[in-house]
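Working notes, structure below.
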Amino acid sequence: MSQPARTPQPQPQPQFAPEPPAPRPAPATLAAFEAAKGFMPSDEGLALYAAAVEAARLGLPLLEVGTYCGRSTLLLAEAARDADVTAVTVDHHRGSEEQQPGWEYHDPDVVDPHTGLMDTLPVFRRTLQAAGLEEHVVAVVGRSPRAAALWGRPLGLVFIDGGHTDEHATADYESWAPHLARDGLLVVHDVFPDPADGGQAPYRIYRRALDSGAFREVSVTRSLRVLRRTGTALCTDG
């Protein structure tokens, strides 16, 4: 007599731990970010903050190129404070090309009435002081490549958001990317693969970093790209 066919038993499904929620800055810091002069939208700001929190675990400084009025600096400063590291921000504070008189992003409120030149440094300092984060930031006032030539230690994060010409974006990448420690994060803002959406200089340094083999992409949030430094040697000679 044949045995009845056994009913297949359901197999246990593998259990996966849920992804931890992305870190968020304190409500007061986020409110200060949203109120500060600048151009970074909130979703990109949150992605930058998450990258800064991760990079700060390396115990190394977090560096920003392109301070403007301190909007994004606030996020780096909070991440640096909580990890007991330092945020460094570099800018000549005379404004980039598109912020000069007659251009799209010019703000007459940051023009020094005595010189007639843009000067975002006082606004930046007020932004940082009002948020209570001055003690966690070193501001370097000057040209990015000159500052990088004096720099002599590894970095946990390099955030490039300075001048958007090929000359300036390339100089920022070539000057600072070699200082990134292994597993450090390179963050590039205003990356637009389609020229119809924006300038191409940040996109070109983003592609150059990926094509070098020394970085792999971690995340994409609108125009913000986060790349991780690998162990592959980095060549910046063109």
Problem set entry | Accessible area per residue, Å², the chain with all protein chains present, probe 1.4 Å | 54 Å²
For this session: Would you work out the charge dipole size for the chain about its Cα centre, treating the Cβ of every Lys and Arg as +1 and the Cβ of every Asp and Glu as -1, and quote it to the nearest 20 debye?
Result: 900 debye
For this session: Pop out the carbon and sulfur fraction of the accessible area of the chain as a percent, whole number, probe 1.4 Å.
Result: 53 percent
For this session: Could you tell me whether region 47-143 comes out rounded, prolate or oblate from its Cα gyration tensor? Rule is a ≥ b ≥ c as square roots of the eigenvalues, rounded for a/c under 1.5, then prolate if a/b exceeds b/c, otherwise oblate.
Result: prolate
Problem set entry | Cβ-based charge dipole, region 26-169, positive-most Cα from G59, C69, A79 | G59
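I need the peptides 52-60, 206-214 ranked by packing, meaning the mean over residues of other C-beta atoms within 10 angstrom, with the highest value on top.
Working: 52-60: 21.6, 206-214: 17.4.
So the peptides 52-60, 206-214, ranked by packing, come out 52-60, 206-214.
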For this session: For region 138-162 and region 191-234, write down the distance between their C-alpha centroids in whole Å.
Result: 19 Å
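Taking R0 as 25 Å, what FRET efficiency do you get between V220 and E19 from their Cβ-Cβ distance, rounded to the nearest 0.05? Spell out each step's value before the answer.
On the way: r = 17 Å, r/R0 = 0.66.
The pair V220/E19 has a calculated efficiency of 0.90.
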For this session: Give the label of the value calculated from the structure for Rg/Rh (Cα atoms, Kirkwood Rh), choosing from (1) 1.13; (2) 1.05; (3) 1.01.
Result: (1)
For this session: Using the charge dipole of the chain (Lys, Arg: +1 at Cβ; Asp, Glu: -1 at Cβ; taken about the Cα centre), state which of G38, H164, S219 has its Cα farthest towards the positive end.
Result: S219
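Report the net charge of residues surrounding R94, where surrounding means a beta-carbon distance below 11 angstrom and charges are Lys +1, Arg +1, Asp -1, Glu -1.
That works out to -3.
The values are calculated or read from the model by the stated rules, or taken from the named source; none is laboratory data. Owing to the predicted nature of the structure, the values given are computational and were not obtained by experimental measurement. All Cβ positions, glycine included, derive from the backbone under ideal geometry; neighbour counts span all protein chains shown. Side chains are part of the model used for accessible areas, which takes the heavy atoms of the whole protein and leaves out ligands, DNA and RNA. Shrake-Rupley method; radii C 1.70, N 1.55, O 1.52, S 1.80 Å.
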